[in-house]
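Here is the structure we will look at, set down as structure tokens.
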Amino acid sequence: MDGAMRTGDLIRNARKALGMSQAELARALCIARGWPVRGPGSLDKSQVSRWENRGVEPRDWLPCLEQVLDVTLSGYCDLSLRSAGTSAVDEGVEPVDRRVFLGTATVLGLSMSVATPAVAAKGQRLGMADVQRYSKRLVELRRLDDFSGGSSVYPLVAEEVIDLSNAAAHGSYSDATARALLSVLAELYQFASWIAFDSGRIPRAKSLAQSASAAATQAGNRTLASTALSELSYITASSASPKESVSMAKASLANAPRDVLAAVEVVLADRLAWACARTGDTQGVDHALGVSERAHDRRDTKRVAEPDTVYWINRDESKIMAGRCWAELRKPERSLPVLESLTVPYDDSHAREVSLYQSWLAGSYVDSGDLERAVHSADRALELSRATSSKRLNSMLDGMLMDFKPHKQVPKVKQLLANWAA
């Protein structure tokens, strides 16, 4: 059997081991590369079939295939595809092209007049101290979002992306610094995606998550690429059309390195659980929550340094996600024991998070028939929402109030709906 066929067999076997169809693999590859998943310029299942069945080499798709399928394919490919003496190619990572830092205005949805600084950073020499400065600023922006909500933070994130991109596009730096800057840009894109999602800019949020995945892939940062893909799965799962979210979430887990940090695996597994809940897959929720629990156990037994991207992860957060999944599936007998047993890991200064928690609790109380407790939790959720700026939260609270409508003749419910009619 020749090398091309061996490559096709590897792709087919790895795909089937992950339970992915050819179409799902094509979508996952497009997302990993930052390409559209439909229409002109996208990859479809016919191309995957050509790789698997006709001996066509993946060539430019090799790095993405290795990341999405978590296999090594380069050793089976035509050696002419590999450039001798080029470590970046040997690692399945393309050299960083500074042009990747251009065009951020389009990604962010800003006009060039707003995005272009008055003085370009031509000639500036960038080093790891600059990388650390941008990383520190991102940490500060994440904490600001905890307290104020996405709508007020988005302009600040956009400003930071433009600043980094302008410096990287016009400055000079080593290859190591280039990859570090590209990883920070990917983190900024991912955070901007979250902010856009929280502030109600759903199409923009999806585009930014795709850009984050593409930038992280080019930087050779597989962990960050996988979390960006999981971000996209979470946004998709939370939308009106969650169907594709499960394949995205599965791909994000497959995309992660085998030795991925336990805290990162928790994030990926929890988001897979949410995608399964949104598509009505009870068994899938159980499985994903089990993966999350085992990752927590691994995290507890081996303490290591963790990136700031997972600063918010703890067991209570995962329990909240578990309760939320069962609430989404309308299983109050499973959601309430989890949600009621929690000491929420935030005080009221984190108004958005506590409000969301109370809204899921209210919905489960409605489903269980305990309207008195449901009204109490709903009132608390709505009151806290006044202290934050989050269109996502407002939309979820509107949905929560709809759950009360069938009981609008009950005095307490009637009062609740009257109080918050505006």
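No lab work stands behind these numbers, since they all come straight from the coordinates. All figures in this text were calculated on a predicted structure; none of them were measured in a lab. As a convention, Cβ positions derive from the backbone with ideal geometry for all residues, glycine included, and neighbour counts pool all protein chains shown.
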Inter-label distance for Asp286 and Lys302, nm, one decimal - labels placed 7 Å from Cα along Cα-to-Cβ: 2.9
Return, ordered by residue number, the residues of segment 191-231 whose backbone nitrogen is under 15 Å from a label point located 7 Å along Cα→Cβ of Lys391. 193-208
Taking θ as phi - 60°, what are the ³J(HN,Hα) couplings along segment 11-17 by the Karplus curve (6.51, -1.76, 1.60), each to the nearest whole Hz, with x for Gly and Pro? 4, 4, 5, 5, 4, 5, 4
In a shell of Cβ-Cβ distance under 11 Å around Arg299, excluding Arg299 itself, what net charge do Lys and Arg (+1) and Asp and Glu (-1) give? 0
